[in-house]
Every structure is written in structure tokens, then in C-alpha cells.
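Q: Here you go, one structure.
The values are calculated or read from the model by the stated rules, or taken from the named source; none is laboratory data. As the structure is a computational prediction, the values presented were derived from the model and not from experiment. Here Cβ is always computed from backbone atoms with ideal geometry, including for glycine, and neighbour counts include all displayed protein chains.
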Amino acid sequence: MNRSNIIAIDLGANSGRAVVGRFAGGELDIEELHRFSNGPVTVHGRLYWDVLRMFEEIKESLRAYSASYDEEPASIGIDSWGVDYGLFDENGELLRNPIHYRDARTDGKMDEAFEVVPRDEIFGETGIQFMELNTLYQLFAQKKEDPSALDAAESFLMMSDVFNYFLTGKQVTEFSLATTSQLYDPVNKKWATKLFDDFGFPLDIMQDVVEPGTRVGTLTEEVADDVGLGRVPVIAPATHDTASAVAAIPAEDESWAFISSGTWSLMGKEITDPVINQDVLEANFTNEGGVGGTYRFLRNLTGLWIIQECKREWEKRGEEYTYAELTDMAKEAEPFFSFIDTDYEDFLSPGNMPEKIRSFCRETGQEPPDERSQLVRVVLESLALNYRYIMEILESLLDERIETVHIVGGGVRNKLLSQFSADAMDKKIVTRPAEATSIGNALIQGIQLGQIDSVAEGRKIVGKSIDLETYHPEDTGKWQNAYEEFCKYKEL
């Protein structure tokens, strides 16, 4: 039986996708199986993930494979966003719908948590960037405001692990996803037990942490019958989507950094040991788990979420634009009209994003962009300038000059942003693959299956299989002047 086909399922914050990957002749072939939307659901003011619908979409992906291929897949792997979780009772039943990381329940909870455990102690235990959406503050909020589910819980699973459990009946937590929680100790490679004690979180509900590439189990008989497959193995790749994306970067030997570009922009560098010191704490960088014993030393930035929210707001008013149309409009707009701090806290939550942008400009003494084209250009230029701002911090923390920046993820489709990024950072930019997360997911499964020897070999395969695009900096003098102006508003 030909068992070379690998199913990689990537659950993003706005959409999900399933692909089939095949390794043959030193190259990788990817074919899309199924794509679906993945938005949150609001009930009585609370923002939830619709996990049962997502699970049905996962099964629909497997049905699509069964209908299209005669041979059984070699394995299945799922990755997702980080920080969110599900709680299960003694019978393995989900206790509550998992709450979305953008829900308001964590507003102000980070500062309250610091009254229990000081900020520097939390960082010393975990090495993780401070964001109110982190699992630590979600659990803190749940314990204060809705403790009943936490009290009744027998097990805790992060999002990819939830779906692995639904597929296999087995409960484990994969390393890369565990590190995003700000509850994992990367130095001692275990859950941060002191933090659990200090905050009164139940440690016994946490699962064993397994490495990327671990075989979790096989499809249960029920799921296998439902989707028309046999008892196919389920492998945990790097279940955090960015970890899988970074594994697929076709980097050469030069000094390189990455930007995983999508709803979020994650900028950083792959390193072998976590860097946990006062400078890193003050810069709010993070040490998230990677593959092959590595860590992703990075900063989590607001990405194309701002454009997504603008598009959503305009659609509510009956104004339909594709992302390509918005980008084409921005090309014709006046450059450097005004600037925004794309990480400004008001931009993190949903709701009338165009007005939030104009309000930021008015409050900082700038002319607000009224035209759609101008507003989109302001956002794209500000994203690129923010990349430079964070790149300078990254190079300083690691005492290293970065030569090349690899941009992966759905954001590479925005070629204007890629060129702006090269111009702003004065660095060579290499983009592709857009589906880096799915490709990295498949690569890690391939390593576990013995189809690929290592991550390094997998990256070479990606480089041979995918057409890369390179951008070189232009008009750097104009961008230097713009950067100096941008910093006035970044540092407010």
C-alpha cells in the first residue's frame, strides 16, 4: 500500500485549511483538500470559539481525502494558534466552549496578576512575552470570575491538543503550543510548577508535554468510520502554527530572521537556547518552542488584523473590496501621509477599525486618512516601519546583524507590504511559501514517518519545490526620514 500521502490541517484565527503533502524525488507536492472560515461566535457578550463546528470541518477535510484518494494517508497532523484552551471533566466531556483570546475577560488581569507574582518573576520562570491574551491571564480571569469549570476540570488541553483528543481519544500537550501559555518552564523543560502554586492553578489537570513529531494515537473507530478511513496515525507536528511555519523556511547559511505574516506578525530568529534576562524582559521578547530542540526568539506584533478589520467594517456598510483591490488602491495613495503605532492597544480589539485609526491620528496631531486607499497605505507603511523598529531591538538583543528576512504565511500575498518591508528595514526580503504552516506541519510528520531525515533536509526540499520571491530595498533615504517620524508616534 502506498502510504506516502500526509494530511496537514492548519487552523488559523480566521480560517482553516487542509492539504495533502507528498514527498517524491527530493521535492514536495502540496494539494489543497478543504478550506473553511473560522470566526468567533458572540453569546451574551462573551467571545467563543465554535470548536464543534471546527471539528466537523476537520472531519470534512478527511472525508474530502477519502473521496479523492484510493490509498490511506500515512498520517494526519493539526496545528493551530496558541494560548487558548479547553477544560474537560472526569468523563472526558468539554466543560465550556473555549473562549477566544480577544474576549474582554482578560482586560486588566495582567496587572492584577502582577500583584500576586511580580512581572520579573513570571518572566524568569517562563521567558515569555507579556500579553493579556496569554493562557496565564485567561486562567487567572477564569479562577476569579468563573471558577466552577476550573474546579470541575480533570484535564486541560490547548487548542490543537483538543482536536487531537477528539480524533484519537488521547490527551497530550505538544511542546511548541505549551510554551505559548506562559505557564511552561523552558529551562527545566516542564510546567512552571511554582507559578501554578502561587496562582492556585491545579497542576494535576495538565498533560504530559511531548516533542514535535510525536505520534499521539490513531483515529478512533468512530471517527474512522465517519470519514471513510482506517485507523490512521495522528502525529502532533509543531502544533503551534508559527513553529510549523518556521520549520518550513528555506533558509540558507546566512544570518537570517523570519516574519510569520498573517493576522499577527511574529518577528524573530531561531535559536538553540532560550534567552532570559532583563534586557529581553524590558523589550518584551519571547522564547517559544520550536522544532529540533530550538526556540523561536521573537516578538508578537499586530499584523494584517488591522486591514482585516477595516475590510470587515466596510463590508458591514455594503462596500465590498478584495484584499488585492485594497492593496492596488493603496499603491496610488500619497506616501507617508500619517503614521500609526500598529501595536497600540486599541487596535487589538474588534470594532470600527477605520475610525480607531483616524482617532489615533487626531490624538497624535496628524491629519487622519479619510480615503480608503490612503487609510490602507497608512497601515501597510506603519506595519513595515514597525518591523524595522522591532528588528533593531532584535539585532541589539542578540548582538547580531541580520542579513536576510524570510517572510512566510498568508501575508506574502501582499507584495506591496513585502516591498515596503525591504525598504523600511533596508534588508533583502525573501518570501514564500504562503502555506508555510501547512508545509512545515507536513515536513515534521514526514520526519516522524522516516520520509525525511531532518528539518535541514526538509528546508532544502521546500527551497527546491517552491518558487521564492526576493525583494531588495529601494528609496531607503525616504524611508529613513519616514522612520524617524514614525518613531515619534511609536514611543508615545
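Q: Within segment 275-313, track down each residue that is under 14 Å from the mean Cα position of the chain (by Cα) and among the small types (Gly, Ala, Ser).
A: If the condition is that a residue be under 14 Å from the mean Cα position of the chain (by Cα) and among the small types (Gly, Ala, Ser), then Gly289, Gly290, Gly303 are the ones that fit.
Q: Residues to consider are Asp208, Asp241, Asp226, Asp197; find the one that is acidic (Asp, Glu), out of contact with any Cys (no Cβ under 8 Å at 6 or more places or on another chain) and buried (at least 21 other Cβ atoms within 10 Å of the Cβ).
A: Of Asp208, Asp241, Asp226, Asp197, the one residue that is acidic (Asp, Glu), out of contact with any Cys (no Cβ under 8 Å at 6 or more places or on another chain) and buried (at least 21 other Cβ atoms within 10 Å of the Cβ) is Asp241.
Q: Given the conditions (1) at positive phi; (2) under 23 Å from the mean Cα position of the chain (by Cα); (3) at pLDDT below 95, and given that Gly26 satisfies all but one, which numbered condition is not satisfied?
A: (2)
Q: Also: State the number of residues belonging to segment 16-69 that are touching a residue at least 60 places away in the same chain (Cβ under 8 Å) and farther than 24 Å from Ala224 by Cα.
A: The qualifying residues number 7.
Q: If you don't mind, another one. Checking Val43 against (1) under 30 Å from Thr286 (Cα atoms); (2) of a type in the set (A, V, I, L, M, F, W, C); (3) surrounded by fewer than 19 Cβ atoms within 10 Å (Cβ to Cβ): exactly one of these is not met. Which one?
A: That leaves (1) as the condition not met.
Q: Whether any residue in segment 477-491 is over 27 Å from Ser80 (Cβ atoms), among the hydroxyl-bearing types (Ser, Thr, Tyr) and surrounded by fewer than 18 Cβ atoms within 10 Å (Cβ to Cβ) is what I want to check.
A: Scanning segment 477-491, I find no residue that is over 27 Å from Ser80 (Cβ atoms), among the hydroxyl-bearing types (Ser, Thr, Tyr) and surrounded by fewer than 18 Cβ atoms within 10 Å (Cβ to Cβ), so the answer is no.
Q: Given the conditions (1) among the small types (Gly, Ala, Ser); (2) assigned by TED's automatic domain parsing to the domain that holds Val210; (3) modelled with pLDDT under 95, which single one is not true for Ala236?
A: Checking Ala236 against (1) among the small types (Gly, Ala, Ser); (2) assigned by TED's automatic domain parsing to the domain that holds Val210; (3) modelled with pLDDT under 95, the one that fails is (3).
Q: Give me the residue from segment 159-180 that is among the β-branched types (Val, Ile, Thr) and in contact (Cβ under 8 Å) with a residue 40 or more places away in the chain and, out of that set, surrounded by the fewest Cβ atoms within 10 Å (Cβ to Cβ). Walk me through how you get there before you give the answer.
A: First pass over segment 159-180, keeping only residues among the β-branched types (Val, Ile, Thr): 162, 168, 172-173, 179-180.
Those left that are additionally in contact (Cβ under 8 Å) with a residue 40 or more places away in the chain: 162, 168, 172, 179-180.
Details: Val162: 25, Thr168: 21, Val172: 19, Thr179: 27, Thr180: 27.
Selected residue: Val172.
Q: Take the residues in segment 289-322 that are among the polar types (S, T, N, Q) and outside any loop (DSSP other than H, G, I, E, B), then tell me which one is surrounded by the most Cβ atoms within 10 Å (Cβ to Cβ).
A: Residues of segment 289-322 among the polar types (S, T, N, Q): 294, 300, 302, 308, 322.
In the following step, the residues that additionally are outside any loop (DSSP other than H, G, I, E, B) were identified as 300, 302, 308.
Values: Asn300: 25, Thr302: 21, Gln308: 17.
It comes out as Asn300.
Q: Might you check whether a residue that is of a type in the set (Ser, Thr, Tyr) and over 20 Å from the mean Cα position of the chain (by Cα) occurs anywhere in segment 343-354?
A: For segment 343-354, residues of a type in the set (Ser, Thr, Tyr) and over 20 Å from the mean Cα position of the chain (by Cα): absent.
Q: Right, next: Kindly evaluate Glu90 against the criterion of being over 20 Å from Ala192 (Cα atoms) and touching a residue at least 40 places away in the same chain (Cβ under 8 Å).
A: Taking the combined requirement at face value, the residue satisfies it.
Q: Next question. Select from segment 194-211 the residues that are of a type in the set (A, V, I, L, M, F, W, C) and either within 18 Å of Phe123 (Cβ to Cβ) or not assigned by TED's automatic domain parsing to the domain that holds Phe88 (or both) and list them in ascending order. Lay out the reasoning, then the answer.
A: So in segment 194-211, the residues of a type in the set (A, V, I, L, M, F, W, C) come out as 195-196, 199, 201, 203, 205-206, 209-210.
Answer for segment 194-211, where residues must be of a type in the set (A, V, I, L, M, F, W, C) and either within 18 Å of Phe123 (Cβ to Cβ) or not assigned by TED's automatic domain parsing to the domain that holds Phe88 (or both): Leu195, Phe196, Phe199, Phe201.
Q: Asp10 passes all but one of (1) farther than 23 Å from Ser260 by Cα; (2) within 26 Å of the chain's Cα centre (by Cα); (3) buried (at least 16 other Cβ atoms within 10 Å of the Cβ); which number fails?
A: Among (1) farther than 23 Å from Ser260 by Cα; (2) within 26 Å of the chain's Cα centre (by Cα); (3) buried (at least 16 other Cβ atoms within 10 Å of the Cβ), Asp10 violates only (1).
Q: Does Asp467 fit the bill of being among the acidic types (Asp, Glu) and more than 16 Å from Glu27 (Cα to Cα)?
A: Criteria not met by Asp467.
Q: Any chance segment 353-362 includes a residue that's closer than 30 Å to Ile439 by Cβ, of a type outside the set (Gly, Ala, Ser) and part of a helix (DSSP H, G or I)? Break it down stepwise before answering.
A: Within segment 353-362, the first condition is being closer than 30 Å to Ile439 by Cβ, and the residues that meet it are none.
No - not one qualifying residue is present in segment 353-362.
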